[in-house]
Amino acid sequence: MQLPHVTNPTMNEPLSPRRQITIDGNEAAAWVAHSTNEVIAIYPITPSSAMGESSDQWSTEGKTNIWGSVPLVVEMQSEGGAAGAVHGALQGGTLTTTFTCSQGLLLMIPNMYKIAGELTSTVFHVAARALAGQGLSIFGDHQDVMAVRATGFALLSSHSVQAVMDMALIAQASTLESRLPFIHFFDGFRTSHEVAKVEQLTHEDMRAMISDDLVRAHRARSLNPDRPVLRGTAQNPDVYFQARETVNPFYDACPSIVQNAMYRFAALTGRRYRLFDYFGAPDADRVVVLMGSATLAAEECVEALRARGEKVGFINVHLYRPFSAEAFAAALPSTVRSIAVLDRTKEPGSPGEPLYLDVVTALNEQRAGHSFSPLVVGGRYGLASKEFTPAMMASVFRELEQPKPRNHFVVGINDDVTHRSLQVDASFSTEDPETVRAVFFGLGADGTVGANKNSIKIIGEDTGLFAQGYFVYDSKKSGAMTVSHLRFGSKPIRSSYLIARASFVACHQFSFLERIDVLDVADQGATFLLNSPFPASEVWEHLPRAAQRQILNKGLRFFVIDAVRVAKENGMAGRINTVMQTCFFALSGVLPEDQAIAAIKRAIEKSYKKRGPAVIEKNFRAVDSSLANLHEVDPHARVTSTFDLRPTVSSQAPEFVRSVLAPMMGGHGDNLPVGALPVDGTYPTGTSQWEKRNLAQEIPVLVQELCIQCGKCVMVCPHSVIRAKLCGAEQLAGAPAGFSSAAAHWKGREHMRYVLQVAPEDCTGCGLCVEVCPAKSKTEPKKKAINMSPQAPLRDRERANWEYFLTIPETDRLSLTLHNVKDVQLLQPLFEFPGACAGCGETPYIKLLTQLFGDRAVIANATGCSSIYGGNLPATPYTKNREGRGPAWSNSLFEDNAEFGLGLRLSVDKQEQYAKELVGRVAARIGEELATSILHADQTSEAGIDRQRERIAELETRLRATGNGTGLDPEVRDLLAVAGTLIKKNVWIVGGDGWAYDIGYGGLDHVFASGRNVNILVLDTEVYSNTGGQMSKATPRAAVAKFAAGGKRSAKKDLAMMAMSYGTVYIARVALGASDTQTVKAFLEAEAWAGPSLIIAYSHCIAHGYDLVHGLDQQKAAVQTGSWPLFRYNPALGAEGQNPFQLDSRPATLPLEKYIYNEGRFTMLVQSDPEEAARLLAEAQEDVNLRWKQYEHLASRVFEGKQGESKQGVKA
Amino acid sequence: MSSVPDLTTGYLGLKLSSPLVPSSSPLCRDLDNLRAMEEAGAGAVVLHSLFEEQITREDDALDDVLLQSSNASAEALSYFPEMQAWGSSYHAYLQHVQRAKKALRIPVIGSLNGASSGGWVRLARDIEDAGADALELNIYFVPSSVDMTSADIEQNYCDLVQDVKSRTGIPVAVKIGPWFTSLPNMASRLDSVGADGLVFFNRFYQPDFDLESLEVVANLELSGSSALRQRLHWVALLANHIRPDLAITGGVHTVEDVVKGIMAGAHVVMLTSALLRNGIGYLNDLRLQLSEWMTVHEYESVGQMRGAMTVDAVAEPGAFGRVNYLKVLGSYTK
């Protein structure tokens, strides 16, 4: 059962006295940064967050820097804040660093100019990432670092995990000597997240590289009242210019300083770097210039082409700024005839991308001293982690062979618009057959990636083999597929690209087989391991035709294990990671079986030692019983299956969905040409309905006779998969058999039928609907009116029912009472099937927003979870009603969302005002009566808005009629363009607590003060959810979060109270799980209030550490303990002389611990530090008591109402 | 008789200053409570129970949370910082044992509540290492399968005790329930596998129903003196017939209850409900009342009193058998 080509020559023999460790790029950078700094100020941003997190972890554990002191790590409220803190700490004379990327780096720009202008030594480590333009991307390229190239920072590039560690130290040494601040950057994800075996630099290495004299010199330049100086002067035209030129010698000296640091480093470690590393033929005629991880693919390509006799080479740019033209020219072979400069960035409108322009300039300047005059062209590649492969590199060399190579080309995509793309020969491969290439398909939550990271560590650290792991994640948060790419072998691994020909493929979820062709990646004769509920003797018949074909055509060896069963039998619930990992080791043969099992167990012990012996023991048992359940399948001789892969989308989907979005959904977005995509980032809404993900193992099923039609299940469903309608019996005439309905329990509508239907293929199976259902069987209380049941046998029937349900007209909105939860269930949600976590606590609020106001809402959404599940391609959950109306949605940035939303409001207000002016001007032509009724329309109710819609339709008809065939006059045309704004619009500003409490608070505060009519919905998960659980100012005391590993020691910020100080802001604190009625009321009141409104919504979250099926119970407990008091502050009441503050929940009936100790974020501390947990619990309880008293005081104030009666806000 | 009666007693080989011992309860979680108990004259304390299921469940739950939220999304490879240390209730419990030992002069008895003979019993050794003077093994097995026989269950008890005894050097008391077909035989079997003491009786979890929500509600009502009789009966029958020391827990509320327990043959009487109702200081009241009762009734020592009412000592031993049943019925009909 072994793959043939694994060798393991030097098992357990370290390659050098330094430790060989298997880590990712972020950890490599953080290791040096933490060891050589004293203060670290950060703000989380993907993909750089892990550097700050590791540093914080190490400081918490007491790990010291090379001077024996534990660095101080502080999380700031934004990157702007982090840069300010870094600047201040540097001016104070400490060695200070930060980690960031992308928009975060852009927010640091103002301080970066200052830091560089003051010649201050520091290194910022950047996991380089794309910038938000037509769309946001978290993936890697050089757009961010290129955007700061004018700041005066030196820019030093690393291309591999080893280089990251090395260059981090070289940068640190160089910044102290040169006095120039450095950006040390490496490719986001490709390098920051690649796990590779590297040699770890020791503290002695760092001490050898870093001069303490220079550190002391850095301190001596600090601001110190003992030897006071002044910095930051305001300079006038007489001297600013000259002063700006004073720094030139430092920039001139920098390249030599860096090169010398590289020489010293080489003497120390044996690893040689140059400012510009040339690799290839000494007599190359074609040379490519590039930097970052792509140079590894370039190296493989050049090696392969040279083996064919081609004279090619490439330059790996390390020190990009200050750019040493001399060193660059010296690195080029004198034989070069043509050069391609590859930029991993785009600068629209520029004559070329930055590296290209610099190379052209450098050559121009150096030409005088050289005999050669090579042709230089520029090209772009790899934006947002687009793959860059040796085949693409080869296509660049092919182009350079042309008599007139194309300039400003792109490679790696198909540009069918401006035709700039190079053709790539897909058959060109440099994959080493001696290297094992393993690809694993797993589900986010099944532990596949964690197990593979473990495997790579085992291989890297227990054998002499080289190893690399790279992990591709789905952008959805529920049912996310992960693909792990593992390489290992006896040769160093440079392949900085995904595996395209795998010698081992593992599919950890059987259901993937019907969704994607997992074996497409398999090489001839590869091994295929499948987690299958079917035994080896039966599994063949359950494979789709595509899989059978691949197995037969490629001659795959095929193994199955029922990993779910094995895991369950060993107390591992459905967690298959350990079982599948054991099978992988057995099949790959990387280690003898007994050694492999011992290594896996050691890894388990190491990984899980802080989770207790029970966890370790059950994992051990799973390892021990895995191999006995692994069986080889004897494939049939021919394809026998009667089914194939499911079509990605229905043939009924619109053209754009079928031709553009469907390929993205099917994992083939890379193949889309430029021309397929919108030019300005504008996409249609309502596309998530076409992506049938079939994630749920179980879906809710209605027991009609128990249902009381309360609508709570509809209300809480995070994915809008449960819907209700009232209709006439005649509308059910054509319903499929088994389509269920009941007499409506609505007064006056008993003659109508009530239908409640589940979308079976869109449900994530979270179970919140069952939890909230209040109707139980009288004879068997465990049975509710809605119960979970396996999806597979129900899928076809319920799909037909769902499709029929969609044909039933929506219930007439005007007939409903909107403040009644029972009626709200009948409102069509204009937000459906988001890719949020199963059981998400945020989405029910957004859905409610769209039910109540979606057809006239404009939404500004802060970056965060809600912008990802709200606007992540290809499937968008915001949708339209039958009239084509629905939320218009946009995500601007993280930090500016309040201001962005205010801008939308200003725009609506201005256009409405202009429209009113125009109506006045054309009144005579459209009829005074219509004009007056439009201008004075009462739009405070749905009916009023509906009547205004009719008036505006009439207005438009009359306006068009004014032309009489002669064309419309300009005022009429203007009015037609803005008439829609006369129908009441509402602007919603939506975001999480990271935005509202931290990075966006300044803007939010300004929007409160503006008095403008915006509605702000804060989805408060009390932690940075999207970036992985960092503490925010909304995090409650005693909760464990990143940067609060020992439990947060300060109380949650009371955002509501702060907003209340204005007196003009409507404020509500809501928790759907505690009171849906109060929640609905708050939304309606917020919308009705003509000034700013703030709703702070308790949103349970995966980052709270419990099964989200209990999310609503926890919401309730939060309210019952007084930790999350429900209240509303309505300035409209104040205006009527009543107490504007109304407490909607009662005093605590439970102690705080009954709520918080149901959640991992709190119990983690109890387990790791019970005494501190007890202390913080007591303080947190005191917070609750104190705040409750304050609220109670506010609510009990007596106001004289208009009629003179006393009004209090305390709930009776 | 003028001298103060001698309240000392022996239990599990330990010398106690008084037969009054707070039994295992949540009161014992708090170090200040333990100090107050000592102050009030407790002969020893039995710490709150470390539950087998609690440890496993806590660790499993946390592991599930950490695993399921890890490595699933490109932006959030995890949602929590690395734990500082594995602690769980287990870790905290051992620390508590250590602290209790440091804070108290009276013997500290650890308590383990479990039902399986798995790896978790090595925790007994850890409790010993943490300094406990003895261990109370609270076996709490709820048979819920129709296939489970009484013989299987009894064997489980014996295996468990044997397992724990084989891993510890400190005395082990076994706390059991009264619902064995032949309690004397069971007691004798526990004796034969090495139990150093028997504690009569633990109280089975008795769920209640919430009729509004149609849910099962977990709660435990405080005991009353009426619960004592069952204990008196079995202790009086078994005292002097088996080697282990005997303890009564459940139903001890008044000084009369204390006296009855000792006279039935108990080496110690344990209290929880009485302390929950009346406060820890009530221990001191009971001690004084016991002293006074003994003085009035001219008992010199607890040792003298112990076993005065066992089946072997009383004039009418038949009262402990079916004859007693007839007598009770007769008294009722009168």
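Each value in this text was obtained by applying a stated rule to the coordinates, not by laboratory testing. What you see is a predicted model; the values in this text were computed from it and never measured. Glycine also receives a Cβ, built like all others from the backbone with ideal geometry; neighbour counts cover every protein chain displayed.
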So the angle from the long Cα axis of helix B:88-103 to the longest Cα principal axis of chain B, reported in degrees to the nearest 10, equals 50
Take the Cα radius of gyration of segment A:980-1072 and divide it by 2.2 N^0.38 Å, with N its residue count; two decimals is plenty.
1.22
quick note, the protein assembly as shown, DSSP beta bridge pairs, % antiparallel (nearest 5) is 35
Which far-off residues, 5 or more places away or on another chain, put their amide H under 5 Å from the one on residue A:984, with H placed in the peptide plane?
none
Relative contact order of chain A, please, whole-number percent, based on alpha carbon pairs below 8 angstrom and at least 6 residues apart.
7
Restricted to Cα positions, what overall size does segment A:624-742 have along the principal axes? Three whole-Å values, descending.
54, 54, 33
Which angle between 0 and 90 degrees, to the nearest 10, do you get for helix A:577-588 versus the longest principal axis of chain A when only C-alpha atoms count?
30
If I histogram all Cα-Cα distances within segment B:150-283 using bins 5 Å wide from 0, what percent of pairs lands in each bin?
2, 10, 18, 19, 17, 15, 11, 6, 2, 1, 0
Evaluate chain A: find the radius of gyration of its Cα atoms, find its Kirkwood radius, and give the ratio Rg to Rh.
0.97
Given the pairs A:610/A:1048; A:477/A:985; A:784/A:822, which are separated by over 25 angstrom at their Cα positions?
A:477/A:985
Along segment A:934-940, what does the Karplus equation 6.51 cos²θ - 1.76 cosθ + 1.60 (θ = phi - 60°) give for ³J(HN,Hα), rounded to whole Hz, x for Gly and Pro?
5, 5, 10, 5, 8, 10, 7
Of A:1154/B:175; A:311/A:346; B:102/B:260; A:197/A:554; A:491/A:1042; A:692/A:880, which sit over 27 Å apart, Cα to Cα?
A:1154/B:175; A:311/A:346; B:102/B:260; A:197/A:554; A:491/A:1042
If you wrap a convex hull around the alpha carbons of segment B:259-302, what volume per residue comes out, as a whole number of Å³?
73
At 10 °C and 1.306 mPa s, grab the translational diffusion coefficient of segment B:9-331 from Stokes-Einstein with a Kirkwood Rh over Cα pairs, rounded to a whole number in µm² per second.
75
Per DSSP H run of at least 4 residues, take -39500 (n - 2.57); add these up for the protein assembly as shown, divide by its residues and hand me the 222 nm value, nearest 500 deg cm²/dmol.
-11000 deg cm²/dmol
Scaled radius of gyration (Cα, divided by 2.2 N^0.38 Å) that segment A:65-203 gives:
1.02
Considering only segment B:9-331, percent of DSSP beta bridges that pair antiparallel, nearest 5
15
Provide, for q = 0.15, 0.23, 0.25 Å⁻¹, the log10 of I(q)/I(0) from a solvent-free Debye sum over equal Cα point scatterers in segment A:37-129.
-0.51, -1.16, -1.31
Give the angle, between 0 and 90 degrees and rounded to the nearest 10, that separates the Cα long axis of helix A:294-307 from the longest principal axis of the Cα atoms of chain A.
40
So for the pair residue A:303, residue A:605, with labels modelled 7 Å out along Cα→Cβ, what separation do we get in nm?
3.7
Name the long-range amide H neighbours of residue A:292: under 5 Å, sequence gap of 5 or more, or other chain; modelled H, no Pro or chain starts.
A:317
Once you list every other residue whose beta carbon is under 13 Å from the beta carbon of residue A:120, what net charge do they have if Lys and Arg are +1 and Asp and Glu are -1?
+4
Shape box of segment A:1056-1212 [Cα atoms, principal axes, largest first, Å]:
57, 27, 26
